[in-house]
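Notes for the one structure printed next.
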Amino acid sequence: MTAYLASAQTEPQQRSVRIDLVRLLGLTVVVAGHVWAQFPIGGYVAIFFVLAGYLHSGRRSLAAEVRYQTWKLLIPYAAWLLLLAIPYFVRLTLGRTGPVDFGGRALDLLWGGERATRPFTAFWFMTAMFVAAVLFRVLVRAPRWLYVGCLVAALAASVFDQELLGDRPGAADVGAVAILFMAAGHAYRWIEPKIDRPFTAALAVIAGCAILVASGTSARMTLKAADFGTPVLSVAVAVLIAVAALSLARPLARSLSANASRTVTALVRMGTPVILLHAVPLWLLPDSVPQTVKFVLAWAFPVCVALALLRFPNSWARRTLMPDKNHHLL
């Protein structure tokens, strides 16, 4: 870990510590949300879609976008799916006296999305992000009427989610609706400089959203299940929390020491293992283990895997399982 943190000092490309702080917040809330599932915290993955829109660049062509997102999302998705499938099927046979539907379980894993349960809890995010990123790339270059029309259609789909969405391969339906979050992040990039006293405004937004969530007015979103909560309001609350986090992260980033900044960046660059592997300890541990211990292990396991991969920077495993993090996903 120390060697890796030191290497961050010599990277030629500067990263935004402010953005990395928001990414780290997103990763932490994702892990916490799966550990303390009893609390009304939902839709936390939306922050990554908002960030993707906020950081969207028009430099890549559609073909380049597909190649880039395939390398960044689909390749590690498929690689980790194959690796985890081995212990998954082995565990299915342990302690079973009756037959196991291996074919059905294998189909569920290939289908992905909502059907992929622990330890594949968050795998849906990778395919949904792929769909959202590619679709958004198409729409930002489309005529304005088509761009707006698709956003309206996505909003309508989020309102009638139970009738229109759910159980699509790879959570493709969630990715298609997630262009709402990307569009909001993209718009905020241009609105942000015009906001007076952004820190105060962000605190007010967080307080207001906390009241809406705690009171149940804004229902919990479960994006994996294509459940977008209270029509329109839950989507708006998720967007507002994400953009408020961006504003609050600015002064915090300036206050961090150089060592603290490098630590934040180092953790964020392990984002792919954290997203895909944090559910493994939760899958293996019995319910009697305290949730705080589960949270620590859900972080520790993927970080240890990432540190092992970093010892072989030019290996096939490193490039496949944890692509270089000079990109705008996590």
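Annotations for the structure displayed:
- Taking amide H as placed 1.01 Å from N in the peptide plane, the amide H of residue 42 sits under 5 Å from that of 221, each at least 5 places away or on another chain.
- Taken over the chain, lysine pairs spaced eight or more positions apart, or on distinct chains, with alpha carbons under 30 Å apart number 6.
- In terms of Cα atoms, the Rg and Dmax of the range 167-223 work out to 15.1, 44 Å.
- Applying 0.36 nm per residue to the separation of residue 324 and residue 55 and subtracting their alpha-carbon distance, the gain on full extension is 95.1 nm.
- The slack in the chain from residue 220 to residue 189, taken as 0.36 nm per residue of separation less the alpha-carbon distance, amounts to 8.5 nm.
- For the range 254-328: rounded, prolate or oblate by the Cα gyration tensor [a/c cutoff 1.5]: oblate
- Here the calculated FRET efficiency for residue 257 and residue 307, from their Cβ-Cβ distance with R0 = 30 Å, stands at 0.85, rounded to the nearest 0.05.
- Residue 147 accessible area, assembled protein chains, probe 1.4 Å, Å²: 20
- Under 5 Å from the amide H of residue 227 lie the amide H atoms of 222, each residue being 5 or more positions distant or on a separate chain, with H modelled from the backbone and absent for Pro and chain starts.
- Range of Cα positions in the range 16-56 per principal axis (Å), largest first: 33, 18, 10
- Paired Rg and Dmax values of the range 136-251, which use every Cα atom, in angstrom: 15.2, 44
- Pairs of alpha carbons in the chain whose separation is greater than 34 Å (percent): 22
- With an a/c value of 1.5 or above and a/b larger than b/c for the gyration tensor axes a ≥ b ≥ c computed over the alpha-carbon atoms, the range 76-154 is described as prolate.
- Sequence-separation-based contact order of the chain, relative, with Cα cut under 8 Å and 6+ spacing, percent: 30
- Modelled this way, with points 7 Å down the Cα-to-C-beta line, the labels at residue 91 and residue 314 are 3.7 nm from one another.
- Remark: the range 288-296, residue by residue, has Karplus-estimated 3J(HN,Hα) of 6, 5, x, 5, 5, 5, 4, 4, 4 Hz, where x stands for each Gly or Pro and the curve is 6.51 cos²θ - 1.76 cosθ + 1.60 at θ = phi - 60°.
- Full-stretch length increase - residue 100, residue 66 - with 0.36 nm per residue and alpha-carbon distance subtracted: 8.5 nm
- Over the chain: helical MRE at 222 nm, DSSP H runs n ≥ 4 each giving -39500 (n - 2.57), nearest 500: -20500 deg cm²/dmol
The values are calculated or read from the model by the stated rules, or taken from the named source; none is laboratory data. This is a predicted model, so every value here is computed, not measured. Every residue, glycine among them, receives a Cβ derived from its backbone with ideal geometry; neighbour counts consider all protein chains shown. SASA here: full protein model, heavy atoms, side chains in, ligands and nucleic acids out. Shrake-Rupley method; radii C 1.70, N 1.55, O 1.52, S 1.80 Å.
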